[in-house]
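Here is the structure we will look at, set down as structure tokens.
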Amino acid sequence: MPDDALAMDPSAFRAADRLGGIELSEIVRISERAKVLRDQGRNVVALSTGEPDFPTPDFVVEAAHQAALAGETRYTATVGTPALREAIAQEHGRQMAEVIVSTGAKQVLANALMATLNPGDEVILPTPFWTSYADMVVVAGGRPVTVPCPMEAGFKLSPEALEAAITPKTRWLMLNSPSNPSGAIYSAREIAALAEVLDRHPQVWVISDEIYAHLSFSPFVSFTAAAPALAPRTLIVSGVSKAWAMTGWRIGWGIGPAPLIKAMVSLQGQSTSGACSVAQAAALAALNGPRDLLRDRCAIFQTRRDKVVAGLNALPGITCPVPDGAFYVFPSCKDALRQGESDGGFCARLLDETDVAVVPGRAFGLSGHFRLSFAYSDDALDAGLARLGDYLNKEA
């Protein structure tokens, strides 16, 4: 059958138009490539994913076990269990009607965008941004509007750049503080300056992704704490995945105005329904449990950060700023690129020739950089830095 006839075959699979250009994130593709190389017998050091190497706290695991034994294994309310929602509300100084529990913070973000965007609505994304933001906007029918925030600007959005990006079609501004991938944290003064711009544009709402709030090496302030007047049009996103090392438990939450939460619950009710009952019991134990563990682990991450930053800045062609939070560095590799090479080509070369996996900056909307996660053991970090050092020093 000719190719054009195949193309016209009415029985052939056709993906929805909304998936045009959407595929697995480059982070996942690199991780899968690293696994393939490991399966081939190569000693790959993967520093590409954002997953803490710590175990879930024992008291959290025990709480889940006891919940399962007690029969808490049935459907929960779509919005989340009352006990967990109350704990979240207390954690953030809000009301239960302003809280939704979802299957990870990622679903909170998707719910918010799907529940609010109409075709052509615009969402401002300061770059670098977490790789899934733009694709989620597109799937929801919106248009991502990227605003470059270079290393020289601390990877942060300025009020002037925000003002210039807003149009009558702007629906959301998405912020991530502490940031994945840069680790940048917006100060209270910087948030207040952005809020002054937003005050002039009441149609623009804010999604503040604060999933790394407990992994801050510099003072952290929540968006609504610094800009309380904007709380009626702000969605705070958080969860237990990162700070409590509970990535696989898939529990995140959103805190925002009740009408928005109600719309998100309606959408969630037609997709996943409520989050896992046992995982919600585990998240409740995490929130109600001792916080010294969070401080101790944050201190370990800070020590790793300092080692990685110093190690990278000692390499030719690499410039690595010091992140204020999260567990990533986002160094510039512009001076280490071969002629005509992209950051993607650079990272592919590192994986192929040094067996070290990192993620190119293009995956986060800002080329000329790469993201390295220090949510790994000291042995893995030492090995990765040593290999990069040997390789780049030979290249210089």
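The values are calculated or read from the model by the stated rules, or taken from the named source; none is laboratory data. Everything numeric here is computed off the predicted structure, so don't read it as measured data. Please note: Cβ atoms are built from the backbone with ideal geometry, for glycine as well, and neighbour counts cover all protein chains shown. To get the accessible areas, we keep the full protein, side chains included, count just its heavy atoms, and leave off ligands, DNA and RNA. Shrake-Rupley method; radii C 1.70, N 1.55, O 1.52, S 1.80 Å.
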Residue pairs qualifying under the 6 Å Cβ cut-off, at least six apart or on distinct chains, with the first in the stretch 179-202 being under 19 Å from PRO150 (Cα atoms) and the second being in a helix (DSSP H, G or I) and open to solvent by 30 Å² or more (accessible area, probe 1.4 Å), are ALA193/PRO159; LEU194/PRO159
Kindly evaluate TYR328 against the criterion of being surrounded by 15 or more Cβ atoms within 10 Å (Cβ to Cβ) and closer than 20 Å to GLY50 by Cα.
yes
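I'd like the full set of residues that are in contact (Cβ under 8 Å) with a residue 40 or more places away in the chain and more than 16 Å from LEU312 (Cα to Cα), limited to the stretch 345-360.
Within the stretch 345-360, LEU351, ASP355 qualify.
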If you scan the stretch 109-124, which residues turn out to be of a type in the set (A, V, I, L, M) and either open to solvent by 30 Å² or more (accessible area, probe 1.4 Å) or more than 14 Å from TRP205 (Cβ to Cβ) (or both)?
ALA110, MET114, ALA115
Residue match in the stretch 263-283 (condition: of a type in the set (Val, Ile, Thr), touching a residue at least 12 places away in the same chain (Cβ under 8 Å) and open to solvent by less than 20 Å² (accessible area, probe 1.4 Å))
no
Identify the single condition in (1) open to solvent by less than 20 Å² (accessible area, probe 1.4 Å); (2) closer than 21 Å to HIS214 by Cα; (3) touching a Leu at 6+ places or on another chain (Cβ under 8 Å) that PRO323 does not satisfy, given that it satisfies every other one.
(3)
Return a yes/no flag: does the stretch 346-360 have any residue that is hydroxyl-bearing (Ser, Thr, Tyr), under 21 Å from VAL44 (Cβ atoms) and in contact with a Pro (Cβ under 9 Å, 6 or more places away or on another chain).
no
When you scan the stretch 1-108 for helices (runs of 4 or more DSSP H) that lie fully inside it, which ones turn up with 3 or more residues that are hydrophobic (A, V, I, L, M, F, W, C) and open to solvent by less than 70 Å² (accessible area, probe 1.4 Å)?
26-39, 58-69, 82-92
Of all strands (runs of 3 or more DSSP E) completely enclosed by the stretch 159-256, which ones contain at least 3 residues that are at pLDDT below 95?
none
What number of residues within the stretch 165-179 satisfy the criterion of being under 18 Å from the mean Cα position of the chain (by Cα) and surrounded by fewer than 19 Cβ atoms within 10 Å (Cβ to Cβ)?
0
Of the conditions (1) open to solvent by 30 Å² or more (accessible area, probe 1.4 Å); (2) touching a helix residue (DSSP H, G or I) at 6+ places or on another chain (Cβ under 7 Å), LEU162 satisfies every one except a single condition; which number is it?
(1)
Residue list for the stretch 141-158, restricted to those being farther than 18 Å from SER208 by Cβ and either in contact with a helix residue (DSSP H, G or I) (Cβ under 6 Å, 6 or more places away or on another chain) or in a helix (DSSP H, G or I) (or both):
MET151, GLU152, ALA153
